[in-house]
Amino acid sequence: MTRSIYVAAPEGLTGKSVVALGLIDTLLREVESVGVFRPLVRNGHDAILDTLVSQPGIDQTYDEAVGITYDELRADPDNALATIVAKFGKLQGRYDAVVVLGSDFADVSSPTELAFNADIAANLNSSLLLVVHGHHRTGAEIRTTAEGALAEFTAHHVQVIGVIANRVAADQMADTLTELNTLPGLLVVAALPADKILVAPTLAAQFAAVGAELRLGNPDLLERESQDVIVAAMTLPNVLDRLVTEATVIMPGDRTDLLPGLILAHKSGSFPQLTGIILTGGYEIPPRVLELFDGMHQDLPIGMTTLGTYTSAERVFRLTGHFTSSARKVEIARRIFSENVDADALIKAVEVSPSEAVTPLMFGYQLNELARKDRRTIVMPEASDNRILESAAILLRRGVANLILLGDAVEIKTRASALGLVLDGVEIVNPTDPELVQRFAEEYARLRAHKGVTVEQAVEKMKDLSYFGTMMVHLGMADGMVSGAINTTANTIRPSLEFIKTRPGVKVVSGAFLMCMADRVHVYGDCAVNPDPSAEQLADIAISSAETARAFGIEPRVAMLSYSTGTSGSGIDVDKVRQATEIVRQRAPELALEGPIQFDAAVDPEVAKTKLPNSAVAGRATVFIFPDLNTGNNTYKAVQRSSGAVAIGPILQGLKKAVNDLSRGALVEDIVNTVVITAIQAQTPTGGNS
């Protein structure tokens, strides 16, 4: 039976759409299909609903998600509920679960609208997830608000599963949870912290509010969010003391003596990056001041308004922005929900049955959740590549890893600003830092003394960022490394082979791919490193690939692939696979294993019944070990291209620490996926290959 969950609030501006988004993400980790329904919408297009139905994994149109409008409610109140129930009925049967988003308290009095939402929830047979806002409220006040609303829904015989307080001040989080936990019968209780970015307006909205026109800077950056407003009418040193990240500075237009200092601070890397500047009073920037900016890359938007400073500040301070206004806000909303709501408790409360199938989308959500639960630090040496900066911004928004970029802080922040990216929270390490270079060189010389490496030679080696980044991992300054967007695979792997080395019991590094099929995830190895592995190496690859499967929540059932199944064939190649299978059985007797086995017998239950009827692996293998690189590399690409499978990798296996290689043609999403994979590998002491 399709379960529906009604996300409702007793008042406006609670941010319940953030909760609805988080609920959708949580459900999509467990079930194959989720629908969205909004019984009552504002007249005109609903931006929040549009955002929800456009999320990955939601397969429905905007119109299918709409019940009625406020105008339709007023025109025919007697028939309104029947219309909503009928439209919901058409939608419900198509999905494993439906998230119903309550109304916004836009056009009718709050008590009446709350009762109407309760009536809808009862008639849709939906469970209730109540959202109350904590803005400028104590924990006790939040509980009181929740109690009143819960009484209304209980009176309508609606099953209540939980209460979530949103936009709670940091110093009220603990008290709010304590107070809400006193409410009886709740399966889910959570508090989401207030976040400036989610309610931040864009610079374009601020310009529009004061009628400002762009005078300098990049117009593409007008869509960036502004987290704060600073009125600058003091001397430059005092202004610099008050700068905060992503602030808009409002200043009198005749104080253009401040402009050069503000722009230098923005570009310096030593001060917070600004969103923009608004000059008041209608004063144009003097030509001599403009000459200062000629020849320098000045991208910070600077606008001019004829309004006075007080009026401009008053209008800008009043502005807020919706969380639906940017992809960045949506990702941050997802992270906040994931970090503060117990997903397992929520799934249990909703009572949906987890799907046996695992779609690529479900697997992606599961990977992000795994990475967030035990966040690790990943170094990315190739910060000179814009793809790395774009990936870093996404990863920071998702909260799946702490990041270290190698390079000059001013240069990196300047390029990030020009790209419209915010890298707050990223650590930037200068690889020319003499103390670090000396420390790393001495350690490298010690580790490679048997090869005659001197400290002077080691200093030269540390100029290679792959070596520098790998040394950070070796010394515990980072938990893992992702490289290869610029450098070759050999350049990425070589430092690891030299001094990180393989884990105990493993003699070979190999490369596996996570192959995300339509309804399951497989592991393919080795598809990236070893051209013609020996039987001993093949056994290493099999054991490492099984551990990789476990690290990502896949039950390992290992198929040692060959052109022959069982004892039906002989020859050098099949004998190698047979020997490797026996080695694995001796080293890992607990492992579900079959080999030699052909690919069709490994994946097709009908073929398996004929060729290996008593096998625990045949027909249901999850880990596929190819006899050589030629076979593995071509097979993964053939499956990827012919079936539309998503291939994530290669994942380097067998190293003591988590290090992974990128293709030089990697897309931003490929880089993001590889960092997430690396962060998960780094959660175990041996890089996910223990």
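Summing Cβ point charges (Lys, Arg +1; Asp, Glu -1) relative to the Cα centre of region 206-252 gives a dipole of roughly 180 debye. Take residue 339: with every protein chain present and a 1.4 Å probe, its accessible area is about 80 Å². Global size of region 89-221: 19.2, 60 Å for Rg and Dmax (C-alpha atoms, Rg to one decimal, Dmax whole). Cross-link pairs exceeding 21 Å between alpha carbons, from the set 16/196; 348/373; 501/576; 501/637; 507/576: 501/576; 501/637. Candidates 524, 485, 364 compared by Cα position along the dipole of the chain: farthest toward the positive end lies 524, with charges placed on Cβ. In terms of the mean number of neighbouring beta-carbon atoms within 10 Å, the peptides 177-183, 546-552, 301-307 order highest first as 546-552, 301-307, 177-183.
With n ≥ 4 as the cut-off for DSSP H runs, can you work out [θ] at 222 nm for the chain, using -39500 (n - 2.57) per run divided by the number of residues, rounded to the nearest 500? Show your work: numbers first, answer last.
Working: 27 runs with 293 residues, N = 690.
Result for the chain, helices only: -13000 deg cm²/dmol.
Separation of region 414-454 and region 226-245 by C-alpha centroid, Å? About 33 Å separates the Cα centre of region 414-454 from the one of region 226-245. A full extension of the chain between residue 78 and residue 642 corresponds to an added length of 197.6 nm, given 0.36 nm per residue minus the alpha carbon distance.
Top to bottom by accessible area (1.4 Å), largest first, where do 510, 570, 615 land?
Details: 510 0, 570 90, 615 25 Å².
Order by accessible area, largest first: 570, 615, 510.
Accessible surface ranking for 25, 575, 195, 1.4 angstrom probe, highest first: 575, 195, 25. Remark: accessible surface ordering of 378, 583 (largest first) is 583, 378, probe radius 1.4 Å.
With contacts taken as Cα pairs under 8 Å and at least 6 residues apart, region 407-470 reaches a relative contact order of 28 percent.
Please give the charge dipole size of region 1-140, origin at the Cα centre, charges +1 on K and R Cβ atoms and -1 on D and E Cβ atoms. Round to the nearest 20 debye.
320
For the chain, the square roots of the Cα gyration tensor eigenvalues, ordered a ≥ b ≥ c, give a/c of at least 1.5 with a/b no greater than b/c, which places it in the oblate category. Between residue 532 and residue 628, with labels modelled 7 Å along Cα→Cβ, what's the label distance in nm to one decimal, could you check? Between residue 532 and residue 628, the label points sit 0.6 nm apart. Based on the Cβ-Cβ distance from residue 55 to residue 600, what FRET efficiency comes out when R0 is 41 Å, to the nearest 0.05? About 0.65, to the nearest 0.05. Restricting the calculation to Cα atoms, region 463-515 shows an Rg/Rh of 0.97 when the hydrodynamic-style radius is the Kirkwood one.
Looking at the square roots a ≥ b ≥ c of the eigenvalues of the Cα gyration tensor of region 567-649, which shape do they give, rounded for a/c under 1.5, prolate if a/b is larger than b/c, or oblate?
On the way: a/c = 1.59, a/b = 1.31, b/c = 1.21.
Verdict is prolate for region 567-649.
How far is the Cα center of region 574-595 from the Cα center of region 299-315, in Å? Region 574-595 and region 299-315 have Cα centres spaced 72 Å from each other.
Expressed as a whole percentage, what fraction of the accessible surface of the chain belongs to carbon and sulfur atoms when a 1.4 Å probe is rolled over the protein heavy atoms?
Numbers: 14350 of 27850 Å².
Solvent-exposed carbon and sulfur of the chain make up 52 percent of the total.
On the basis of the beta-carbon distance and an R0 of 41 Å, residue 144 and residue 519 show a calculated FRET efficiency of 0.30.
Give, in nm to one decimal, the length gained when the segment between residue 90 and residue 439 is fully stretched (0.36 nm per residue of separation minus the Cα-Cα distance). Don't jump to the answer; show the numbers that get you there.
Working: separation 349, 0.36 × 349 = 125.64 nm, distance 6.70 nm.
Separation in residues times 0.36 nm, less the Cα-Cα distance, equals 118.9 nm.
Under 14 Å from a point 7 Å along the Cα-to-Cβ line of residue 575: which residues of region 520-542 have their amide N that close? Taking a point 7 Å out along Cα→Cβ of residue 575, the residues of region 520-542 whose backbone N falls under 14 Å are 535.
In nm, what is the difference between 0.36 nm times the number of residues separating residue 684 and residue 257 and their Cα-Cα distance?
Numbers: separation 427, 0.36 × 427 = 153.72 nm, distance 5.48 nm.
Separation in residues times 0.36 nm, less the Cα-Cα distance, equals 148.2 nm.
Residue 460 exposes around 100 Å² of accessible area when a 1.4 Å probe is run over every protein chain in place.
Once you order the gyration tensor axes a ≥ b ≥ c over the Cα atoms, which shape class does region 38-103 get: rounded for a/c under 1.5, otherwise prolate or oblate by comparing a/b with b/c? Let's see the in-between values first.
Values: a/c = 2.68, a/b = 1.40, b/c = 1.91.
Note, shape of region 38-103 comes out oblate.
Counting heavy atoms of the protein chains alone, residue 351 has an accessible area of about 110 Å² for a 1.4 Å probe.
Label separation (residue 288 vs residue 244): 3.6 nm, computed from points 7 Å beyond Cα along the C-beta direction. Spatial offset of region 159-216 relative to region 460-485 amounts to 39 Å, using the alpha carbon center of each. Proximity of backbone amide H atoms, modeled 1.01 Å from N, is registered between residue 273 and 246 at under 5 Å, excluding neighbours fewer than 5 places apart on the same chain.
Note down the magnitude of the dipole of the chain about its Cα centre, charges +1 on Lys and Arg C-beta and -1 on Asp and Glu C-beta and zero elsewhere, to the nearest 20 debye.
Here the chain has a charge dipole of around 1420 debye.
The values are calculated or read from the model by the stated rules, or taken from the named source; none is laboratory data. From a predicted model like this one, the values you see are computed outputs, not experimental measurements. Virtual Cβ from ideal backbone geometry, glycine too; neighbours counted across all protein chains shown. Please note that ligands, DNA and RNA were not included when accessible areas were found on the heavy atoms of the full protein model with its side chains. Shrake-Rupley method; radii C 1.70, N 1.55, O 1.52, S 1.80 Å.
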